[in-house]
1. Would you mind telling me which numbered condition in (1) on the phi < 0 side of the Ramachandran plot; (2) out of contact with any Phe, Trp or Tyr (no Cβ under 9 Å at 6 or more places or on another chain) L79 fails?
2. Can you spot a residue in the stretch 61-75 that is surrounded by 10 or more Cβ atoms within 10 Å (Cβ to Cβ) and either among the charged types (D, E, K, R) or without any contact (Cβ under 8 Å) to a residue 12 or more places away in the chain (or both)?
3. I need the full set of residues from the stretch 24-50 which are farther than 19 Å from P4 by Cα and either touching a Gly at 6+ places or on another chain (Cβ under 9 Å) or among the acidic types (D, E) (or both), in order please.
Amino acid sequence: MTSPLRREDVAHVAKLARLSLTEAELDLFTEQCGKVLEHAADMNSLNLDGVVATAHPFGLINVVRDDEVRPSLDRDTVLAMAPDAEDGRFAVPRIMGEAP
């Protein structure tokens with residue numbers, strides 16, 4: 001079976017993703033991606049009439065507690081412990097590594 005994917009397609013996608021691929025990598029990825037697409041085509045050819053679509057193979061039930069209002073930390077106390085606070089919020093640097 002011939003690959004459903006051409007080497008030029010892989011090169012084009014690599015260029016769009018700004019990836020620099022060697023000739024050997026283009027050949028390898030063309031083969032690997034082609035196999036993935038062939039497998040997807042095999043899956044599409046399956047007769048799934050009567051099979052119920054599921055998001056998970058087992059029925060799951062989330063066990064969560066009911067929300068209830070409880071006392072929490074005082075905002076001013078917490079902000080007083082922060083390295084920097086502004087307008088009732090934590091102040092953080094705009095860019096990692098820069099001082100606020």
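1. (2)
2. Initially, the stretch 61-75 is screened for residues surrounded by 10 or more Cβ atoms within 10 Å (Cβ to Cβ), giving 75.
Within this subset, residues satisfying the condition of being either among the charged types (D, E, K, R) or without any contact (Cβ under 8 Å) to a residue 12 or more places away in the chain (or both) are 75.
Yes: one or more hits.
3. D49
For every residue, the table says whether it meets (1) modelled with pLDDT of 95 or more; (2) part of a loop (DSSP other than H, G, I, E, B); (3) closer than 30 Å to G88 by Cβ.
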position: T2; (1), (2), (3): no, yes, no
position: L26; (1), (2), (3): yes, no, no
position: F29; (1), (2), (3): yes, no, no
position: N47; (1), (2), (3): no, yes, no
position: P57; (1), (2), (3): no, yes, no
position: I61; (1), (2), (3): no, yes, no
position: S72; (1), (2), (3): no, yes, yes
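The values are calculated or read from the model by the stated rules, or taken from the named source; none is laboratory data. Because the structure is a prediction, the values reported are computed rather than measured. Don't worry about glycine lacking a Cβ; one is built from the backbone with ideal geometry, like all the others, and counts go over all protein chains shown.
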